[in-house]
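FYI, it's all coordinate maths here, none of it is from the lab. Bear in mind the structure is a predicted one, so any value in this text is a computation, not a measurement. As a convention, Cβ positions derive from the backbone with ideal geometry for all residues, glycine included, and neighbour counts pool all protein chains shown.
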Amino acid sequence: MSVNLSLTVAAVVLLTSGAYLLMQRTLTRALLGVTLAGHAANVMLLVAGGPAGDAPVATGGATEGYSDPLPQALVLTALVITLGITAFLLAMAYRNWRLTAEDEVPDDPEDRRIAARTAAGVADRAADEADESETDTAPAASHEPAPTAPGDERGPAS
């Protein structure tokens, strides 16, 4: 089986440009990236199907020279899936445009706070572990949770 080099190169170009567009911050470019990646998948499936042949209609004779119908069915399925994802992304982009009047997806400030807190927590935890390893006289810490009294900061006031 020979591979069509021009279709393979076209699929790679479509996939890389789609991946590049998906990494952008605007929803329009992400939508175009998903569409290009879907087309790249379709071209790759057609390349994997091999060379074109006769129509795969069984007439009771020999089956040599027929094209494989499975890649064609997979391409149809991929087209439907890509259409559904494109429609969903279009609806999201339209909703975002109606709410914010801009196409760019902003950073989430809560994600930045969690990342900063996690980075600070890792540094604090490393310092605590270093302190524990230096002091051998400290009693072993109990991992049992302290009982809570009604109304303290660990439990509800009842």
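One table, with the values for the structure above:
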| read-out | value |
| --- | --- |
| Segment Gln72-Asp108, length gained on full extension (0.36 nm per residue, minus Cα span) | 8.8 nm |
| Among 37-48, 76-87, 107-118, the order from most to least packed when residues are scored by Cβ within 10 Å on average | 37-48, 76-87, 107-118 |
| Tensor-based shape of the range 1-101 (alpha-carbon gyration tensor, a/c under 1.5 rounded, otherwise prolate or oblate) | oblate |
| Theoretical gain in end-to-end length, Tyr94 to Val12 [0.36 nm per residue, Cα-Cα removed] | 26.5 nm |
